[in-house]
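Take a look at the structure below.
The values are calculated or read from the model by the stated rules, or taken from the named source; none is laboratory data. Since the model is a prediction, treat every value here as computed from it, not as a measurement. Neighbour counts run over all protein chains shown; Cβ positions are idealised from the backbone, glycine included.
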Amino acid sequence: MSRPDEPRLHFLMDTVAREGRHLIGTTGRLFSQVIDKAWIENLDNEPELAERLDAFVARFGRMQDTLGEKLVPELMRHMQETPGAVLDNLNRMEKLGLLKSALDWVEARNLRNRLVHEYMRDPAEFAQALQQARERVALLVDTYNRILDYVLGHFPSDAVSHLGKLKLPT
């Protein structure tokens, strides 16, 4: 098997760290107020809040995509494994302890699709989906942190040693 592309792994680790920091910041700003049906219905009158909402949805989806569809397969190549279907890769990450639950990941993916494709059709349902996504941010952050620990322990490099763990506000 050919040697995996180390710069790509480092680039993806750095990218996910940046995405995570931005997602955590947006999550804190967006959810500093109560998000309910009335809040959603009022977005036409609050363009700055609507933009913040869009930023959250985009960052949630982007971090999940980069982690699950890019970083995990690249990590598997570094582990001398052949990446497979996304669900197979997630199950492997769960077995290695790098992902708490592949099922939770799939649920988060379905949630992401609801946020994007059913955007505000039903304000009450959309508000509930946003609350669920807020809870799933912890899954994304935890997965990144576990992968970071693994990479630092198994593939130490100055290119990733500066990356710190992501922290959710308490």
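Before moving on, here are some points about what is shown:
- Flag for residue 66 being among the polar types (S, T, N, Q), at pLDDT 95 or above and out of contact with any Asp or Glu (no Cβ under 9 Å at 6 or more places or on another chain): no
- Here residue 124 passes the criteria (1) more than 19 Å from the chain's Cα centre (by Cα); (2) more than 26 Å from residue 37 (Cα to Cα) except the one numbered (2).
- Filter result for residue 26 (touching a Ser or Thr at 6+ places or on another chain (Cβ under 7 Å) and either part of a loop (DSSP other than H, G, I, E, B) or not aliphatic (A, V, I, L, M) (or both)): no
- Scan of region 95-126 for residues that are surrounded by 17 or more Cβ atoms within 10 Å (Cβ to Cβ) and either over 22 Å from residue 59 (Cα atoms) or small (Gly, Ala, Ser) (or both), ordered by number: 102, 108
- Test: residue in region 42-57 that is in contact with a Leu (Cβ under 9 Å, 6 or more places away or on another chain), within 30 Å of residue 159 (Cβ to Cβ), surrounded by fewer than 16 Cβ atoms within 10 Å (Cβ to Cβ) and in contact (Cβ under 8 Å) with a residue 40 or more places away in the chain: no
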